[in-house]
Amino acid sequence: MTAKIIDGKKTAEILRTELAQKIALETIKPYLAVVLVGDDPASLIYDRNKQKAAQAMGMECVIHHLPQETTEDELLNLVTELNIDKKVNGIIVQMPLPKHIDSSAVIKAIAHEKDVDGFGPYNAGLLHENDSQAMIAATPKGILYLLKQALGDLSGKHAVIIGRSNIVGRPLASLLLNNNCTVTVTHTKTVDLPSICRQADILVSACGQAKMVKKDWVKDGATVIDVGMNRDGGKLCGDVDFDEVKEKAAYITPVPGGVGPMTIAMLLDNTYQAFLRQHNVK
């Protein structure tokens, strides 16, 4: 058996085309503000990719690039200005921030209706309560979309998540619970991780360890979602040993071309949804 590839790149392109068609009908365009502090190369590339994708779909997207020595108060002042600015529909503060800035305080400062990353406590709480008004973090939202495309109804499936971050693991656990999965969240203190992974109908790895998940970690016919972005000998790879695991899984996402493109697509969809809500469009 060789797994079917879940093509996140192709799926994201379809979603972005559909979104562009909707935006083209609007007289006012959705507006995304991206805040970047410092000159981290990966963050610079990622933010420029967001801007390019947003502009290609007809959105306004402005990057506010602040110097490394920006103080926490200065950053919070900018966030307040963007909160007040009625033309701004979505706000993203790129992580990681410099060590002298409290990331939690900055995330909490973003107005919940403009929190298109979905990281703030208000939206996290709504997601936990299965409230339809929750702004769902983009990566988990993209994962759910890919899973439903591949598997349809997820009810009753056992999902095992490797990783408990506020960006992927925790919101994804809530999202899968809301879709009637039985969810196990694992982490660095989990005992005998491979045996738990072998119980999974759906295995999601978001731990940041190159090729950690091996063939003998995976149940026959499982669906494997690889969120990892790592380097192995200079080559980009995921948390899953793709060449091994594809011979045992039923479905698998590649790296690159799997979850990554979906994250940006869902981030822009969140911005459009925020735009509609702020303009009272049902």
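The values are calculated or read from the model by the stated rules, or taken from the named source; none is laboratory data. Note that this is a predicted model, so its numbers are computed, not measured. Note that we place each Cβ from the backbone using ideal geometry, even for glycine, and neighbour counts take in every protein chain shown.
Remarks
- Members of segment 162-173 found to be crowded, with 20+ Cβ neighbours inside 10 Å and part of a helix (DSSP H, G or I), listed by number: GLY169, PRO171, LEU172, ALA173
- Failed item, numbered, when ALA150 is tested on (1) surrounded by 21 or more Cβ atoms within 10 Å (Cβ to Cβ); (2) not assigned by TED's automatic domain parsing to the domain that holds LEU36: (1)
- Note on segment 181-255: enclosed strands (runs of 3 or more DSSP E) holding 2 or more residues that are in the same structural domain as GLY163 (by TED's automatic domain parsing) and free of Cβ contacts under 8 Å to residues at least 60 places away in the same chain are 182-186, 202-205, 230-232, 235-237.
- Of the criteria (1) part of a loop (DSSP other than H, G, I, E, B); (2) surrounded by 14 or more Cβ atoms within 10 Å (Cβ to Cβ), which one ASN123 fails: (1)
- Which listed residue is loosely packed, with under 15 Cβ neighbours inside 10 Å and either more than 17 Å from GLN273 (Cβ to Cβ) or β-branched (Val, Ile, Thr) (or both), from GLN55, GLN21: GLN55
- Of all the residues in segment 40-72, those that are modelled with pLDDT under 95, under 21 Å from HIS100 (Cβ atoms) and touching a strand residue (DSSP E or B) at 6+ places or on another chain (Cβ under 8 Å) number 3.
- Where VAL218 falls short, out of the listed (1) more than 21 Å from the chain's Cα centre (by Cα); (2) at pLDDT below 95; (3) not hydroxyl-bearing (Ser, Thr, Tyr): (2)
- Test result for ALA134, at pLDDT 95 or above and in a loop (DSSP other than H, G, I, E, B): yes
- Qualifying residue in segment 31-48 (condition: free of Cβ contacts under 8 Å to residues at least 12 places away in the same chain and more than 25 Å from GLU74 (Cα to Cα)): no
- Scanning segment 83-108 for residues that are surrounded by 21 or more Cβ atoms within 10 Å (Cβ to Cβ) and among the small types (Gly, Ala, Ser) yields a total of 1.
- Near pairs, Cβ below 9 angstrom, 6+ apart or cross-chain, from segment 73-87 (closer than 12 Å to ILE101 by Cβ) to any residue that is part of a helix (DSSP H, G or I) and β-branched (Val, Ile, Thr): LEU75/VAL106; LEU76/VAL106; VAL79/VAL106
- Being touching a helix residue (DSSP H, G or I) at 6+ places or on another chain (Cβ under 9 Å) and over 30 Å from LYS108 (Cα atoms) is a property that LEU203 has.
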